[in-house]
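Rule-based calculations on the coordinates, nothing more; no lab input. Here the structure is a predicted model, which is why all the values come from computation and not from measurement. Cβ atoms come from the backbone with ideal geometry, glycine included; neighbour counts cover every protein chain shown.
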Protein chains: 2
Amino acid sequence: MDDIRGSLRCPIARTLDVLGDRWTLLIVRDAIAGSTRFTEFRESLGMPRDVLADRLDTLVAGGVLERRTVSREGQRARDEYFVTDVGRELMVVLGALGDWGARNRPWDEPPLVTFTDAAGTPVAPRFVSGSREVPLDEVLVAAG
Amino acid sequence: MDDIRGSLRCPIARTLDVLGDRWTLLIVRDAIAGSTRFTEFRESLGMPRDVLADRLDTLVAGGVLERRTVSREGQRARDEYFVTDVGRELMVVLGALGDWGARNRPWDEPPLVTFTDAAGTPVAPRFVSGSREVPLDEVLVAAG
């Protein structure tokens, strides 16, 4: 990888090398919510077959999904896609995207995907330092 | 907006309508870190002028950035771009992306952008319920 204009020094940019388009993050959303089969992703997302195949390859290469050949009763063996531990950590990214969208791009139907604790209480990502929540207006962003 | 396959019911998908490509999130990163001028974004990101202009328009339309005409001493007036309060809330998304990338796509130089509390301690987003941090393996994702 060439470090053009410092972009590889930025972990955000390195992540977007794997995740940097709308489809990719929605595939991860579906995978975390339990989808494993090509046809499930395709029916949920309505994206072209070749684009879906390409994005799945990128996610497998990036260690977010694992491809396994699965034989199910009465069906021929086929490839399915399972979220890895590394991929599961992207729940925080998806939770942050969902929380922002719920507040800033509201919609009048219940959300398609929800994040809750074991008791069913909605949860959303917030900045923490140690175990203390840090209000957004106290978070400093430094570049350089 | 047509609700194709329930995608508008998903706040993640609605957010990605505004943010769904690599460039857009990196523009927001730079804006939150203090960039305001077209040339600053262009030099930082090295992206084509027409793509940058298009993404800035999308971010202004989505309420993430505000376009203002600024007159600086000895220069002709020009448009600059400022993060809105709504845009600033995307720090949580960027913080989650950066944290994932720092752990899962490591690099041997200091990060280009850092998130800290007022004391300089690094902060990263975690799921919280009330003010209690919820470990990732206790977060449930439900779809439907």
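When the stretch A:77-107 is examined, which residues are found to be facing chain B (nearest Cβ under 10 Å), among the aromatic types (Phe, Trp, Tyr) and not in a loop (DSSP other than H, G, I, E, B)?
The answer is A:Trp100, and nothing else.
Which residues, counting only those in the stretch A:59-110, are of a type in the set (Ser, Thr, Tyr) and within 21 Å of B:Asp137 (Cβ to Cβ)?
To start, the set of residues in the stretch A:59-110 that are of a type in the set (Ser, Thr, Tyr) comprises A:69, A:71, A:81, A:84.
If the condition is that a residue be of a type in the set (Ser, Thr, Tyr) and within 21 Å of B:Asp137 (Cβ to Cβ), then A:Tyr81, A:Thr84 are the ones that fit.
For the stretch B:26-61, give me each residue that is more than 20 Å from B:Thr15 (Cβ to Cβ), more than 14 Å from chain A (Cβ to nearest Cβ) and assigned to a helix (DSSP H, G or I).
Matches in the stretch B:26-61: B:Phe38, B:Arg49, B:Asp50, B:Ala53.
Count, please, the residues in the stretch B:62-76 that happen to be in a loop (DSSP other than H, G, I, E, B) and of a type in the set (Asp, Glu). Explain how you work it out, then say what you get.
First, pick out the residues of the stretch B:62-76 that are in a loop (DSSP other than H, G, I, E, B): B:62-64, B:71-76.
In the following step, the residues that additionally are of a type in the set (Asp, Glu) were identified as B:73.
Matching residues across the stretch B:62-76 total 1.
In this structure, does B:Phe41 turn out to be surrounded by fewer than 20 Cβ atoms within 10 Å (Cβ to Cβ) and within 14 Å of the chain's Cα centre (by Cα)?
It is false that B:Phe41 is surrounded by fewer than 20 Cβ atoms within 10 Å (Cβ to Cβ) and within 14 Å of the chain's Cα centre (by Cα).
Given B:Val113, B:Val64, which one is of a type in the set (A, V, I, L, M, F, W, C) and more than 7 Å from chain A (Cβ to nearest Cβ)?
B:Val64
Residues of the stretch B:89-135 being under 18 Å from A:Phe115 (Cα atoms), surrounded by 14 or more Cβ atoms within 10 Å (Cβ to Cβ) and more than 19 Å from the chain's Cα centre (by Cα), which ones?
Listed by number, the residues that qualify are B:Val128, B:Ser129, B:Glu133, B:Val134.
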